1. Each residue of the range 159-166 in turn: what ³J(HN,Hα) in whole Hz from Karplus with 6.51, -1.76, 1.60 and θ = phi - 60°, glycine and Pro shown as x?
2. With a cut-off of at most 16 other beta carbons within 10 Å, and DSSP calling the residue loop, which chymotrypsin sites (Phe, Trp or Tyr not before Pro) in the range 1-93 qualify? Please list them.
3. Report the net charge of residues surrounding residue 46, where surrounding means a beta-carbon distance below 9 angstrom and charges are Lys +1, Arg +1, Asp -1, Glu -1.
4. Past 23 Å, Cα to Cα: identify those pairs from 84/199; 162/183; 96/162; 77/183; 45/192; 78/192, in the order given.
5. How much length, in nm to one decimal, is gained on full extension between residue 4 and residue 169, taken as 0.36 nm per residue of separation minus their Cα-Cα distance?
6. Using only the Cα atoms of the chain, what do you get for the radius of gyration and for Dmax, in Å?
7. Ignoring the sites themselves, what is the longest stretch of the chain with no GluC sites (Glu not before Pro) in a DSSP loop and at most 10 other beta-carbon atoms within 10 Å?
8. List the trypsin sites (Lys or Arg not before Pro) within the range 95-192 that DSSP assigns to loop and that have no more than 10 neighbouring Cβ atoms inside 10 Å.
Amino acid sequence: MNLSVDLQPIEDINPAFTRHVIVKRMQASWSQSVFSVPFGDSIEKIIPNRDYPYEGLSVLIEGENFHFLDGIAVGAKKGSRYIKLRAKLVTAFPWKMIYYYENEEEKLNLAVTYYLMDIGARQNSISACVSLESNASSIIIEPIVDIRHMYDESAPEGHFCKAIHDGMLIWRDEKYISIRTVKKCEVRTWKKKNEWWYKLGSGTMILRVQFWKGRSSPSLDSK
């Protein structure tokens, strides 16, 4: 039985029809578009797109849904030189999603796998895993952290970060996310605000009253 499906990493002319992948556990979900984009103004890193403010990594805490991570941008180097990555394919499984990138001219490949591990309800936490396989000299990751209740606005000024021996720890109020690796790594910490427009948003319902032949009939428009 084939439990995977291959998806082309393209954006539909109507963004509402662009495909998205989601992996779920009882306590968490991680969702993102199959379409990858350059990270911010840089062409050095690439990241799966997010079209809704609820996408990324969200965790259920005491019955409420909290957003933790918008996404993880990745970059590849040969020596000290960044190599531009292009999306090749996305493969979705019930328990994981794999994004394949390449640069044919440089003969460079990168596969990024996302999955979730449930470590038990008593821990009140979740382990989100990212596996990177590449023939590049080194791989660079840059997390986009946005800790908030799913319906709240982002608050970059309320986030704090520090390096630890195998990664970094980021927190806002009493919510924490640690990003750690089993490989030797160099950690650099800074705070950089990233403007992002979720093109599909959440939608709003507007009540309009239409007058017709002396009678009023309300209608709901979805936007």
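1. 9, 9, 8, 8, 7, 10, 5, 10
2. Answer by residue number: 54.
3. The answer is +2.
4. On the way: 84/199 25 Å; 162/183 18 Å; 96/162 29 Å; 77/183 17 Å; 45/192 15 Å; 78/192 26 Å.
Pairs exceeding 23 Å: 84/199; 96/162; 78/192.
5. 56.1 nm
6. Rg then Dmax for the chain, in Å: 20.0, 76.
7. Of all site-free stretches, the longest is 1-61.
8. Values: sites: 96, 107, 122, 148, 162, 172, 175, 180, 183, 184, 188, 191, 192; in loops: 107, 183, 184, 188, 191, 192.
Answer in residue order: 107, 183, 184, 188, 192.
FYI, it's all coordinate maths here, none of it is from the lab. Everything quoted here is computed from the prediction, not taken from an experiment. Don't worry about glycine lacking a Cβ; one is built from the backbone with ideal geometry, like all the others, and counts go over all protein chains shown.
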